[in-house]
Amino acid sequence: MSNIGSYEERLKNFDWSIAEKELGYKDGDNINIGWYCSDRICQFGKADKLALIWEGLGGKEKQYTFNDVRLRSNTIASFLKDLGIQTGERVCLFMDKIPELYIGFLGILKLGAVAQPLFSAFGDESLHVRLDNAETTAIITQRKHVSKVRKILEKMPYLKHIILVDYDGSKPLREREIAFNMDEAEQVENFVVAPTKAESHSVLHYTSGTTGQPKGVKHVHYSLISQYLTTKWVLDLRDDDIYWCTADPGWVTGTSYGIIGPWSLGITQCVLDTGFSAESWYKFIEKRKVTMWYSAPTAIRSLMKAGEDLIKQFDLSSLRHLASVGEPLNAEAVIWSEKVFKKPFLDTYWQTETGSMMLTNYPGMKIKPGSMGKPFPGITATVLDTKTYEPINETGKPGLIGFKPGWPAMMRTYWRNEETYQKKFENNWYLPGDRAYIDNDGYYWFIGRDDDVINTGGHLVSPFEVESALLEHEAVAESAVVAKPDDVNMEVVKAFVTLKPGFIADDDMELKIMNFIRKKLSPLAMPQEIEYRDSLPKTRSGKIMRRVLHAEEWGEEIGDISTLEDD
Ligand code: WTA
């Protein structure tokens with residue numbers, strides 16, 4: 001039996017107080033995510049249970065119990081306090097996926113400061129834009145990344161402290177720098193956790209919009225309520241699970257479900273800090289006996305590309321449950337995972353702004369491969385008419401996804417940008433900026449970003465649909481589909497593809513793929529052009545950035561591409 005039991009039963013009389021009760025929280029109480037993820041778990045007799053199993057390059061390994069996490073987060077909080085960091089100040093985490101990142105996150109929250117996680121792969125420009133917008137007071141980083149901070153230091157008078165977690169004394173510390181060794185510091189047994197309330201600011205995540213600078217998404221401690229319950233019901237975590245969330249905490253998935261969700265439930269999680277390779281991932285699952293695996297479509301497609309023979313070399317029988325987030329999960333990938341892992345990847349849909357899962361598939365519920373599933377209980381969702389913003393009461397008709405505001409983890413505003421925040425609402429619905437349709441059984445099907453849908457001769461074509469179909473072609477490894485300007489039809493479909501090894505990128509192949517799509521979908525959806533690429537532009541979280549290709553096609557400014565990979 002899964003944690004959620006029956007989805008239909010859960011919908012009846014659902015109330016977020018279910019989570020409040022389980023967490024022992026009452027309206028008006030103090031609520032602090034840092035405390036909930038460490039002290040409270042220890043109080044339940046799980047102090048000696050493993051909280052984190054970490055593996056880095058060269059097989060380096062570290063393990064921390066919940067008591068270790070409690071002590072170390074106390075120690076970090078106390079260190080920051082001694083530096084003079086005040087409640088509400090932003091403290092940036094700028095590190096690889098090392099234990100200090102995960103535990104430091106809790107420490108910042110215990111102090112009542114705001115955690116601002118950023119991808120360590122960001123260059124100095126990307127870093128500066130985000131630190132500047134947040135007027136960040138302190139940054140916790142590693143030696144290997146500090147040069148990027150030093151480079152922009154002059155421009156950041158508000159940044160008072162640069163904390164190095166791996167300082168080895170070989171070179172003198174520079175201006176504003178201070179060393180802190182989490183494991184070797186004298187551990188603080190008792191730290192008075194900040195009396196944060198439901199609406200106290202907790203996390204500031206930066207997300208790239210379609211235009212302009214990245215926006216800071218403001219979250220509060222009350223987000224725990226939905227992060228806890230979605231983790232329990234969708235990721236279906238149980239006491240003896242070994243959970244692996246592959247996301248970097250520089251991205252919301254890596255905090256909501258890579259720290260807060262699992263640890264508030266007292267679950268053991270493991271982290272692999274070595275980058276991606278199919279072989280190392282399978283090895284990790286085998287070695288750690290991972291039972292629950294939360295990953296992303298691009299990774300899954302890369303695994304598909306690596307082939308099934310590789311899988312046969314590993315014992316992956318520990319896997320009990322799989323889920324995915326971040327971009328459309330193609331039906332192909334779901335069917336493939338059922339075949340090779342004997343479990344389907346359950347698609348979950350949400351975004352930085354929503355803070356927790358919104359539309360998802362549930363253990364035990366019928367899976368329709370390619371669908372995002374149904375609204376999480378407590379979430380009122382719909383599809384809205386693009387002009388009137390009224391719910392469309394017709395199944396199968398595309399429109400804008402809309403959510404009734406007010407779930408616990410919803411962003412409270414864009415940092416210092418209330419105006420843009422207000423633009424996210426129409427007719428009392430929150431608009432995530434995506435299009436979908438709902439089928440006869442109430443399942444949601446993703447069409448595309450609001451700005452990516454292709455209008456060809458008055459017909460809307462979903463890039464996702466074409467991409468999915470392309471992936472079904474034997475030669476195609478990855479695909480991105482964008483609109484291309486056209487005199488007659490206004491827009492036509494253009495596809496960028498990478499081919500699997502052994503296939504030749506020539507005109508003959510282009511014709512074959514075009515015909516494949518024409519037959520599979522329609523002449524309208526058939527790409528008028530296929531451009532071969534060695535790789536497709538992706539965000540740090542692995543999402544293919546159609547926007548970059550779209551801009552290229554239309555000769556437009558690309559905008560903020562700071563989340564792109566370097567390669
Ligand atoms: C897209 C990710 C299709 C969508 C946690 C959304 C998805 C944006 C899915 C948010 C999915 C996320 N199917 N599209 N299952 N999940 N998206 O803020 O466009 O990085 O609005 O948060 O990714 O991306 P973000």
How about the stretch 82-161: which helices (runs of 4 or more DSSP H) wholly inside it have at least 1 residues that are in contact (Cβ under 8 Å) with a residue 24 or more places away in the chain and surrounded by 24 or more Cβ atoms within 10 Å (Cβ to Cβ)?
99-111, 124-134
Those residues of the stretch 386-399 that are buried (at least 16 other Cβ atoms within 10 Å of the Cβ), part of a loop (DSSP other than H, G, I, E, B) and of a type outside the set (A, V, I, L, M) come to a total of 2
What is the number of the single condition among (1) assigned to a loop (DSSP other than H, G, I, E, B); (2) open to solvent by less than 20 Å² (accessible area, probe 1.4 Å); (3) not polar (S, T, N, Q) that Gly275 does not meet?
(2)
Of all residues making up the stretch 342-362, the number that are over 26 Å from Val220 (Cα atoms) and open to solvent by 20 Å² or more (accessible area, probe 1.4 Å):
3
Any residue in the stretch 417-434 that is open to solvent by 40 Å² or more (accessible area, probe 1.4 Å), aromatic (Phe, Trp, Tyr), at negative phi and within 15 Å of the ligand (Cβ to nearest atom)?
no
Of all residues making up the stretch 182-211, the number that are open to solvent by 60 Å² or more (accessible area, probe 1.4 Å) and not β-branched (Val, Ile, Thr)
7
Restricting to the stretch 298-335, give me the number of residues that are touching a helix residue (DSSP H, G or I) at 6+ places or on another chain (Cβ under 8 Å), closer than 19 Å to Pro363 by Cβ and not aliphatic (A, V, I, L, M).
2
Output yes when any residue across the stretch 500-513 is open to solvent by less than 10 Å² (accessible area, probe 1.4 Å), farther than 20 Å from Ile558 by Cβ and either away from the ligand (no atom under 16 Å from the Cβ) or in contact with a Cys (Cβ under 9 Å, 6 or more places away or on another chain) (or both), and no when none is.
yes
Return the pairs, sorted by first residue and then second, in which the second residue is among the β-branched types (Val, Ile, Thr), the first residue lies in the stretch 249-266 and is part of a loop (DSSP other than H, G, I, E, B), the beta carbons are less than 7 Å apart, and the residues are 6+ apart or on different chains.
Pro249/Thr255; Pro249/Ile259; Leu265/Thr231; Gly266/Ile41
Conditions: (1) more than 15 Å from the ligand (Cβ to nearest atom); (2) out of contact with any Lys or Arg (no Cβ under 6 Å at 6 or more places or on another chain); (3) open to solvent by less than 60 Å² (accessible area, probe 1.4 Å). Lys519 meets all but one. Number of the miss?
(3)
Where residues in the stretch 355-381 are near the ligand (Cβ under 10 Å from one of its atoms) and in a strand (DSSP E or B), which of them is farthest from Gly326 (Cα to Cα)?
Gly373
Within the stretch 528-554, track down each residue that is part of a helix (DSSP H, G or I), open to solvent by less than 30 Å² (accessible area, probe 1.4 Å) and either more than 14 Å from the ligand (Cβ to nearest atom) or not charged (D, E, K, R) (or both).
Val548, Leu549, Ala551
Looking only at residues that are within 15 Å of the ligand (Cβ to nearest atom) and outside any strand (DSSP E or B) in the stretch 440-457, which one is farthest from Glu491 (Cα to Cα)?
Tyr443
Given the conditions (1) closer than 19 Å to Val188 by Cβ; (2) part of a helix (DSSP H, G or I); (3) touching a residue at least 60 places away in the same chain (Cβ under 8 Å); (4) open to solvent by 30 Å² or more (accessible area, probe 1.4 Å), and given that Ile41 satisfies all but one, which numbered condition is not satisfied?
(4)
Can you list residue pairs whose Cβ atoms sit under 6 Å apart, with the first residue in the stretch 515-543 being free of Cβ contacts under 8 Å to residues at least 24 places away in the same chain and under 19 Å from Ala477 (Cβ atoms) and the second being aromatic (Phe, Trp, Tyr) and away from the ligand (no atom under 16 Å from the Cβ)? Count only pairs 6 or more apart in sequence or on different chains.
none
Scanning the stretch 474-498 for residues that are at pLDDT 90 or above and outside any strand (DSSP E or B), which turns out surrounded by the most Cβ atoms within 10 Å (Cβ to Cβ)?
Ala475
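The values are calculated or read from the model by the stated rules, or taken from the named source; none is laboratory data. Note that the structure is predicted; figures quoted are calculated from it, not measured. Cβ coordinates were reconstructed from backbone atoms using ideal geometry, including for glycine residues, and neighbour counts include every protein chain displayed. Note: areas computed on protein heavy atoms with side chains; ligands, DNA, RNA excluded. Shrake-Rupley method; radii C 1.70, N 1.55, O 1.52, S 1.80 Å.
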